[in-house]
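Everything below concerns the one structure shown next.
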Amino acid sequence: MRNARIGGACLIIGALCASEPALAVDQARLQRFFTLMDADGDGLVSRPEFQAGKGAVFLAIDVDGSMTLSQDEMRLTPEGFKLLAGDDGVVDGEEFVAADVASFDAIDKNKDHQIDLAELTAYVAQYSD
Ligand SMILES: [Ca+2]
Ligand SMILES: [Ca+2]
Ligand SMILES: [Ca+2]
């Protein structure tokens, strides 16, 4: 009898868990960055939009206005963050713009010279904890 009741509770918890997003990526946050970069609002980020948008994304990530990004702000894995940040343990604007993590070609999986939200999400998911 006891087991049956526990089983019922697990089912309810399971249903709650299933309503959580499958990806660890914060979709709302990504959508916000994507919108920041998509200057003409066509739902795709072109190479010039991407280059111009990096600064805006940097500022958007830098929640505390320190002009550097911490691991907490970037929500990267420790390994992914260390690659970006280098020895000083923070990512400055120059590092962010130069970084592979913000490379247009790496994100543009289907090589149509446009980044869509799905491509950005898939790319960020590799680095998110
Ligand atoms: Ca666009
Ligand atoms: Ca650094
Ligand atoms: Ca593409």
The residue from GLU95, GLU79, GLU73 that alone is surrounded by 12 or more Cβ atoms within 10 Å (Cβ to Cβ), of a type in the set (Asp, Glu) and either more than 16 Å from VAL25 (Cβ to Cβ) or within 16 Å of ligand 3 (Cβ to nearest atom) (or both) is GLU95
Discussion item. Please determine whether any residue of the stretch 103-118 is in contact (Cβ under 8 Å) with a residue 60 or more places away in the chain, touching a Leu at 6+ places or on another chain (Cβ under 6 Å) and either within 16 Å of ligand 3 (Cβ to nearest atom) or farther than 13 Å from PHE33 by Cα (or both).
Written reply: yes
The helices (runs of 4 or more DSSP H) lying entirely within the stretch 85-129 that contain at least 1 residues which are over 22 Å from LEU44 (Cβ atoms) and of a type in the set (Asp, Glu) are 93-98
The condition of being at negative phi and within 16 Å of ligand 1 (Cβ to nearest atom) holds, among ILE107, ILE61, only for ILE107
(1) under 21 Å from ASP26 (Cα atoms); (2) away from ligand 2 (no atom under 12 Å from the Cβ); (3) surrounded by 11 or more Cβ atoms within 10 Å (Cβ to Cβ) all hold for ASP64 apart from (3)
With criteria (1) within 15 Å of ligand 2 (Cβ to nearest atom); (2) within 11 Å of the chain's Cα centre (by Cα), THR121 comes up short on (1)
Per the list (1) in contact (Cβ under 8 Å) with a residue 12 or more places away in the chain; (2) surrounded by 14 or more Cβ atoms within 10 Å (Cβ to Cβ); (3) not β-branched (Val, Ile, Thr), residue check on GLY43 breaks on (2)
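Readers should treat all values here as calculations from the given coordinates under stated rules, not as data from a laboratory. Small disclaimer: the values here were computed from a predicted structure and weren't measured. Virtual Cβ from ideal backbone geometry, glycine too; neighbours counted across all protein chains shown.
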